[in-house]
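See below for the structure under consideration.
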């Protein structure tokens, strides 16, 4: 009888399925409890609840894919990690391609078939309740299968690259988050080393996010659409991108498996061309991670030497893992090369050979400037924080002046002989210069001498020049954005008015704060509807007349003059920053969440605002009234 070879072995497939049954059985049981059993025991019983249950449960797909994708790959590739089993599989009458296909499909079936079973159960339950379950179940299954395909294939490739079963999960975990960890560490080191460093920009941020699969894939979820009456997958393009990447990884795994040497069983790295990547990769990561941690313990100034020392140790440790022996010190040439590179890099960072800190643009080279943060605290008054873009040469020159003085001052504060609030101010500014050579981001926080407001070239003078442009400063405060939102149909939800009472305090640094409104004690009041809009118009009138939203360079105001506060809240799109950026966020009885606001000090000369407050005050609502 003719004896032939096969590209797929059904017997081997069944053997894997029965041998590694705890993987697919536990995966199936967990999902049965999460969806079908939970649905039956809780008597969901309505269309909306059925769709919502499918949508909410789909969020768990990514975590199951991360964990069970690894388990499945470790199981079906376990024959590669011992010489006896590797040689046995090599003698089977099945081509290398057939063994690869059989092992890959059997492992994927461990995690795919349970999902199909759960989807079928949920479809039956949906039909029983009169829902339309086909699209929700297919969407749920598609998200789960797509995520599992990527993470399982990624783990499978890691398993093919190594000949040691413990190295597989190590490679899998490290490579999944390596880009993010390196990026964050380099960011921390750069922030502490370079005065003015403010990140690498959105392009690098996006690249790092894509290289950390958990981050973008966590945005792939199901969302119930009440109008369409179905559950839809959102951000499915992200899932498709990673599925395409998984196809590339699968091809790479196939080519590597096809040419894998049986004697590599037990090796940390199975392929010679990958060994240098592993060795020097471990050296660099050892230099950065343990080097940074050690320098934090010993002292920040020791970072360069700690990085070099740990690079040497990491390189020798990697060589020991590759050679499976401690006798590796004769291979010092490679260690010397990577150590020299790391030492040169640390020297460039420490001494700023590339001129990062000293770089100051010329105004004619700047096309435009995006100001991402602008906060000035002078005297007792503060409260402006907004974003704006400018192409005005005069404003750009003022920003460059602030930048230039930050470089001159260095990372520190100017000394003041007297009361800081009478002689000094502080500024926090983050800008992105769009120049002919590219984009440059800088951020500075420093103090400056307030009496120098009339001296050209000083920070105080540049700040005074910016504030004198009332339309620009209206934009900086965020009021212009608020007006655009109102014009687009947004709503000014409320205006919060408060006054800090300084009657009871022990000293200037330790005092109790409370709120009080005109004629009352310890109250915080709110204005709504037309009253809120009227207050906005009053503030605008005073603002453009220079009676509010000004900085007291002449030291005429006292502390209590600047702590009458108005806060403007609106619905819809956030006015400033991210959802978690505000330190003043709370819930209202109408369940509307507020996390962004515009705050401005009401000064003694703000006549229109003060008159409007006095006239509207009988309509004010206290905080206690809101919660009744």
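The values are calculated or read from the model by the stated rules, or taken from the named source; none is laboratory data. Please read these numbers as outputs of a predicted model, since none were measured by experiment. All Cβ positions, even for glycine, are placed from backbone atoms using ideal geometry, and neighbour counts span all protein chains on display.
Summary table
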item: Number of the exception - residue 591 against (1) in a loop (DSSP other than H, G, I, E, B); (2) closer than 22 Å to residue 529 by Cβ; (3) at pLDDT 60 or above; (4) out of contact with any strand residue (DSSP E or B) (no Cβ under 9 Å at 6 or more places or on another chain); result: (3)
item: Residue among 116, 174, 186 that is under 30 Å from residue 299 (Cα atoms) and at pLDDT 90 or above; result: 174
item: Answer from 316, 374 - the residue that is touching a residue at least 12 places away in the same chain (Cβ under 8 Å), in contact with a helix residue (DSSP H, G or I) (Cβ under 7 Å, 6 or more places away or on another chain) and over 16 Å from residue 286 (Cβ atoms); result: 374
item: Sole exception among (1) under 19 Å from residue 213 (Cβ atoms); (2) in contact (Cβ under 8 Å) with a residue 12 or more places away in the chain for residue 248, by number; result: (2)
item: Selection count where residues are within 11 Å of residue 61 (Cα to Cα) and surrounded by 17 or more Cβ atoms within 10 Å (Cβ to Cβ), scope the stretch 210-220; result: 2
item: Subset of the stretch 182-191 (residues that are under 14 Å from the mean Cα position of the chain (by Cα) and surrounded by fewer than 15 Cβ atoms within 10 Å (Cβ to Cβ)); result: 184
item: Residue among 125, 165 that is outside any helix (DSSP H, G or I), over 20 Å from residue 242 (Cα atoms) and out of contact with any strand residue (DSSP E or B) (no Cβ under 8 Å at 6 or more places or on another chain); result: 165
item: Boolean, residue 197 is in contact (Cβ under 8 Å) with a residue 12 or more places away in the chain and more than 16 Å from the chain's Cα centre (by Cα); result: yes
item: Strands (runs of 3 or more DSSP E) contained in the stretch 468-580 and holding at least 3 residues surrounded by 14 or more Cβ atoms within 10 Å (Cβ to Cβ) and at pLDDT below 85; result: 492-499, 564-570
item: Qualifying residues in the stretch 254-281 (those that are touching a residue at least 12 places away in the same chain (Cβ under 8 Å) and not in a helix (DSSP H, G or I)) - the one nearest to residue 321 (Cα to Cα); result: 268
